[in-house]
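Since every read-out is calculated from the coordinates, none of them should be taken as a lab result. These numbers were taken from a predicted model, which means no experiment stands behind them. Cβ atoms come from the backbone with ideal geometry, glycine included; neighbour counts cover every protein chain shown.
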Ligand SMILES: Nc1nc2c(ncn2[C@@H]2O[C@H](COP(=O)(O)OP(=O)(O)O)[C@@H](O)[C@H]2O)c(=O)[nH]1
Ligand SMILES: [Mg+2]
């Protein structure tokens with residue numbers, strides 16, 4: 001049940017860089033991971049951007065990694081010469097028609113191996129590349145997208161691809177991972193980009209896993225004095241791999257090879273209702289607990305995670321409860337396995353789960369496969385993906401900020417010029433208002 005991973009725009013690709021670098025290293029010990037992320041030697045991913053520089057930098061870094069299976073970044077990427085200037089409308093409408101032009105061979109940019117002909121539009125080229133990727137999968141089931149919400153390419157083109165894929169492959173899953181920009185600073189148009197992108201994803205994706213840069217930064221700042229973008233991407237990549245990599249509790253006992261069902265199980269368990277598809281991921285691993293004796297690690301991880309959650313819930317604007325969630329325990333050993341009953345009870349209490357769902361928490365277990373080298377420990381992690389009513393507060397913040405700008409007609413001409421009319425904004429506001437209403441009625 002394989003997936004095609006689509007990394008769009010600067011943020012999506014930089015997260016892809018951390019993700020695929022980690023994946024290569026982990027496949028050295030985990031054959032299941034290779035099985036779900038590669039078709040033979042070809043990775044099931046595409047890196048798509050308007051500009052070339054992010055992909056080129058990534059390609060340069062990737063060449064330093066000598067392990068197999070590898071990721072040939074340039075031949076799995078699509079890139080043109082058009083940045084989107086932090087404007088969703090340029091990404092959503094403008095990029096689709098962009099053609100590659102006859103001067104292509106001269107400028108030696110290389111646009112990946114997927115060019116149909118020089119008059120092909122970016123949309124045609126992306127769809128062709130995706131078709132080729134799907135054909136290489138043994139049992140294709142869906143797409144996993146990654147992009148930022150604040151910029152132009154990721155937020156615009158990423159959400160456009162999601163809607164095109166919905167039309168072309170209606171039975172395939174679309175699980176989208178998006179990064180919310182920092183609430184302060186950055187670009188003045190980010191609020192528009194966020195709301196326009198989110199509303200399209202609400203229409204076309206099956207699940208939206210939401211990473212918030214503010215939250216990631218806060219989590220890391222508790223342990224480090226300086227936090228780089230790379231550190232943040234590292235945490236995001238760890239979280240993503242911990243959710244989507246194969247777990248032994250979902251691997252068939254007969255044959256023993258993973259079928260790669262985890263991303264789709266996540267949708268079924270956590271976002272089964274079409275009106276409430278926002279998923280909040282929270283991750284903790286044992287990297288900072290190297291001195292804790294092995295039998296105590298699970299309790300330590302659980303305490304850390306529930307402690308952080310309580311602080312977060314305490315600080316939130318309204319009372320939050322959880323509709324449904326999945327908890328993933330990785331690195332479980334026979335001798336020191338977590339007490340699953342205690343784990344589920346503690347998490348249910350912390351999240352204050354709704355009373356109409358008798359089974360709000362699914363627990364997935366991944367048993368450590370290889371015996372670690374002498375003196376080394378198996379790493380352990382705990383990840384929770386939850387569908388929480390606090391998502392209404394998040395949507396409310398995005399809505400208020402973009403509405404305020406819209407009422408003052410700020411930057412509107414700039415969106416109009418690229419094909420986004422006032423009615424499109426109003427439709428996006430309505431979509432987000434509906435999400436808020438649904439979560440409030442939970
Ligand atoms: N966590 C994280 N956020 C990023 C990264 N790059 C950009 N962003 C966020 O994404 C937003 C801009 O989107 P970007 O991806 O640069 O623009 P695009 O290339 O037009 O999609 C900014 O507001 C940043 O908050 C990254 O590498 N990691
Ligand atoms: Mg960009």
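Exposure proxy ranking for 41, 128, based on other Cβ atoms within 10 angstrom of each Cβ and starting from the fewest, stands as 41, 128. Could you line up 441, 367 from fewest to most neighbouring Cβ atoms inside 10 Å? By the 10 Å Cβ count, ascending, the order reads 441, 367. Taking all Cα pairs closer than 8 Å and separated by 6 or more residues, the relative contact order of region 2-270 comes to 23 percent. Computed over the chain with a Gaussian network model linking Cα atoms closer than 10 Å, the most mobile of 258, 337, 391 is 337. Peptide packing: for 19-26, 201-208, 351-358, 55-62, the average count of neighbouring Cβ atoms within 10 Å per residue gives the ranking 201-208, 19-26, 55-62, 351-358, highest mean first. If R₀ is 22 angstrom, what is the calculated FRET efficiency for the pair residue 218 and residue 404, using the beta carbon separation as r and rounding to 0.05? Efficiency, rounded to the nearest 0.05: 0.30.
Note on residue 26 and residue 75: the model spin-label points, each 7 Å out from Cα along the C-beta direction, lie 2.5 nm apart. For the chain, the Cα-based Rg and Dmax, in that order, read 21.4, 64 Å. Secondary structure note: in the chain, about 30% of the DSSP beta bridges are antiparallel.
Each of 118, 425 was scored by other Cβ atoms within 10 Å of its Cβ. Arranged with the fewest first, they read 118, 425. The modelled label-to-label distance for the pair residue 294/residue 53, using points 7 Å beyond Cα in the direction of Cβ, is 4.9 nm. Note on residue 341 and residue 310: with the Förster distance fixed at 25 Å, the Cβ-Cβ geometry gives a FRET efficiency of about 0.75.
Once Rg and the Kirkwood radius are both taken over the C-alpha atoms of region 281-392, their ratio Rg/Rh works out to 1.01.
Obtain the nm distance between the two label points defined at residue 203 and residue 118 by a simple spin-label model: each point lies 7 Å from its Cα along the Cα-to-C-beta direction. Rounded to a tenth, the inter-label distance reads 3.6 nm. Based on C-alpha pairs under 8 angstrom that are at least 6 apart in sequence, region 281-392 has a relative contact order of 44 percent.
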